[in-house]
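Undergrad: My structure is below; once you've seen it, I'll send some questions.
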Amino acid sequence: MHSSRVSVADERVVGWPCEFCPLTQACCVVSVPSASQILGSHNMTVRAFSLILQCLCTATFLLAPQARSLRSPPLPLAKRQSPTPVIIDTDIGSYIDDSYALAFALQSSELDIQLIVTATDDTLMRAKIAAKFLTVAGREAIPIGVGAPNSNLTNHTLWSWAKDFNLSDYKGEVLQNYEDTFDRMNSIINSSDQVVEIIGLAPFVNFPYLLEKWPNVVHNARVRTMAGSIFRGYDNSTTPTAEYNVRLCPSCFNLLLRANWAHKVWLAPLDTSGVMNLPPEDIQELVTASNGLSIGLTEHTLFWCTAGVIPCHLDVSTVALPDTVAVLLTLPVAPSLVEMHTMILLATEDGRTISDTMGAAALVALNWWENPAGLNKFTQYLTDVLVQGAPYTKD
C-alpha cells in the first residue's frame with residue numbers, strides 16, 4: 001500500500017468486528033484518525049501505525065501467555081459457533097475464479113449457502129452452469145436463483161461445458177423468474193436470526209432490483225465482494241484501473257455502497273484480490289484429489305485453458321483467482337491474513353474506484369498482512385480446503 005496516497009481523512013480500522021476475533025470473539029472495531037493526524041509527521045507510515053494498534057481484543061489477549069501464543073497459529077484459526085447464512089451472487093461461466101470461489105464457500109464449514117444467484121448477461125444459462133457444477137460436486141440441495149438479465153450474451157467460456165445440461169435434471173430448487181429470486185433473497189434475510197452474508201462475485205446489476213423491491217434487506221445483511229482498484233490495478237500494476245465488476249455498472253456499485261446498510265460493505269479490490277494466484281503445483285494437488293469439487297474445478301480449468309482468452313496448461317500455468325478473496329472476507333481466518341481500512345469510495349463514470357467525499361464508506365482489504373506472508377498462507381489454506389473435499393462417487 002502506498003500510504004502517502006491515503007487521504008488523512010480516511011479512518012483506520014484497528015481490530016475486527018467481534019464475531020471475527022480469532023481468539024476471544026470479544027474484540028471490537030476501533031476507528032481512529034490517520035497516522036499523520038495523530039503523529040503530526042509522515043515519518044511513520046500508516047501501515048506501521050496500524051500494526052502498533054492492530055489487535056485490541058481484550059486484556060486476556062494482551063496478558064495471557066496462551067493467548068499470545070495464538071498470534072500466529074496454523075490455519076484455520078477459529079470457527080463460529082454456528083454456520084453463517086450466505087447468499088452468493090455470481091457471474092459463473094465467464095471466468096473460472098467464480099467456480100473456485102463457489103467451491104471454496106461450499107467447502108467452508110463456517111458457511112451455510114442458502115441460495116446461489118446468477119448475474120449479468122443470460123442469467124438462465126449461468127444457472128445451468130451453476131447447476132451442473134453443483135451436481136458434479138454432489139451439492140444439489142442448494143437452491144439456485146436466476147438473476148435479472150441485462151443482455152442475451154451467451155459466448156462465455158464455460159457455457160459450452162453446460163449447454164447440454166437440463167435444469168430439470170437438477171435435484172435442487174431452481175427459481176427461473178428473477179422476481180422470485182429477489183423474493184427468496186428477502187425471505188432468507190428477513191427470517192434469519194443471524195446477519196446474512198451476501199458474497200458478491202459479479203457486477204452489481206442485481207442489487208438495484210433487490211433494493212428497490214425489498215429495501216429493508218439492508219437491516220440484516222452484509223455484502224462482502226471482490227470489486228474495485230484503489231492503489232493497484234491488474235497484474236499488480238501501480239496504476240489503478242477500472243476493475244470489471246465496477247466498470248460494467250458504476251451506478252450499480254454506487255447504489256450498493258450508498259444503501260443504508262446496518263453493516264458496511266466489505267471490498268476485496270485488486271490491491272489484494274488481484275495478486276491471488278494458484279500456482280501449478282497446487283492445481284496439480286487439486287486435480288489428483290478425486291473429490292466432487294476437484295472434478296468440477298478440473299473440468300472448468302481445462303475448459304478455460306483450451307477455450308479461454310488466455311491459453312494455459314494445468315501443469316505449468318498459474319491461475320488467477322481474485323473472487324476467492326471475497327469468500328475469505330466472510331471467514332474467521334481473515335483477520336490474520338488481510339488488513340482492513342475504512343474508506344469513502346465512489347465509482348466514476350468510467351468505472352474507476354476513487355476516494356471521494358461524495359462517495360460512501362466501505363471496509364476495504366488494502367493489503368495482505370506481512371506481504372507476501374498473508375497471501376502465501378491464504379494460497380495454502382485455499383488449496384487445503386479445496387483438496388479436503390468429500391470423495392467423489394458416480395451414481
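The values are calculated or read from the model by the stated rules, or taken from the named source; none is laboratory data. What you are looking at is a predicted structure, and each value in this text was computed from that prediction instead of being measured. Note: ideal-geometry Cβ built from the backbone for every residue, glycine included; neighbour counts use all protein chains shown.
Undergrad: For segment 254-267, which residues satisfy the criterion of being under 19 Å from ASP350 (Cβ atoms) and crowded, with 19+ Cβ neighbours inside 10 Å?
TA: Result: ASN254, LEU256, LEU257, LEU267.
Undergrad: Any idea how many residues of segment 184-208 are touching a Lys or Arg at 6+ places or on another chain (Cβ under 8 Å) and surrounded by fewer than 19 Cβ atoms within 10 Å (Cβ to Cβ)?
TA: Result for segment 184-208: 2.
Undergrad: Would you mind finding the one in TYR244, TYR234 that is within 25 Å of GLU349 (Cα to Cα), surrounded by fewer than 18 Cβ atoms within 10 Å (Cβ to Cβ) and in contact (Cβ under 8 Å) with a residue 12 or more places away in the chain? Break it down into steps so the answer makes sense when it comes.
TA: Values: TYR244 fails: surrounded by fewer than 18 Cβ atoms within 10 Å (Cβ to Cβ).
Going through TYR244, TYR234 in turn, the sole match is TYR234.
Undergrad: Out of THR357, THR306, THR348, THR353, report the one residue that is touching a Leu at 6+ places or on another chain (Cβ under 6 Å), farther than 16 Å from ASP98 by Cα and among the polar types (S, T, N, Q).
TA: Details: THR357 fails: touching a Leu at 6+ places or on another chain (Cβ under 6 Å); THR306 fails: touching a Leu at 6+ places or on another chain (Cβ under 6 Å); THR348 fails: touching a Leu at 6+ places or on another chain (Cβ under 6 Å).
So the residue among THR357, THR306, THR348, THR353 that is touching a Leu at 6+ places or on another chain (Cβ under 6 Å), farther than 16 Å from ASP98 by Cα and among the polar types (S, T, N, Q) is THR353.
Undergrad: Which condition breaks for SER251 when tested against (1) hydroxyl-bearing (Ser, Thr, Tyr); (2) surrounded by fewer than 16 Cβ atoms within 10 Å (Cβ to Cβ); (3) without any contact (Cβ under 8 Å) to a residue 40 or more places away in the chain?
TA: (3)
Undergrad: Let me ask something else about it. Filter segment 86-141 down to residues that are free of Cβ contacts under 8 Å to residues at least 60 places away in the same chain, assigned to a loop (DSSP other than H, G, I, E, B) and out of contact with any Ser or Thr (no Cβ under 7 Å at 6 or more places or on another chain), then give me how many there are.
TA: 3
Undergrad: Taking VAL325 as the residue in question, decide whether it is touching a residue at least 12 places away in the same chain (Cβ under 8 Å) and assigned to a loop (DSSP other than H, G, I, E, B). Give the derivation first.
TA: Values: touching a residue at least 12 places away in the same chain (Cβ under 8 Å): yes; assigned to a loop (DSSP other than H, G, I, E, B): no.
Here the answer is no, as VAL325 does not meet what is asked.
Undergrad: How many residues are aliphatic (A, V, I, L, M) and either farther than 15 Å from VAL265 by Cβ or out of contact with any helix residue (DSSP H, G or I) (no Cβ under 9 Å at 6 or more places or on another chain) (or both) if we restrict to segment 236-254? Give the steps one after another, and end with the answer.
TA: Restricting attention to segment 236-254, the residues satisfying the condition of being aliphatic (A, V, I, L, M) are 242, 246, 248.
Then drop every residue that is not either farther than 15 Å from VAL265 by Cβ or out of contact with any helix residue (DSSP H, G or I) (no Cβ under 9 Å at 6 or more places or on another chain) (or both), which leaves 242, 248.
Total satisfying the criteria: 2.
Undergrad: Taking the conditions exactly as written (more than 23 Å from the chain's Cα centre (by Cα) and at pLDDT 95 or above), does LEU153 satisfy them or not? Lay out the reasoning, then the answer.
TA: Working: more than 23 Å from the chain's Cα centre (by Cα): yes; at pLDDT 95 or above: no.
Judged against the criteria, LEU153 is not a match.
Undergrad: Of the conditions (1) surrounded by fewer than 22 Cβ atoms within 10 Å (Cβ to Cβ); (2) over 20 Å from ASN277 (Cβ atoms); (3) hydrophobic (A, V, I, L, M, F, W, C), LEU345 clears all except one; give me its number.
TA: For LEU345, the failing item is (1).
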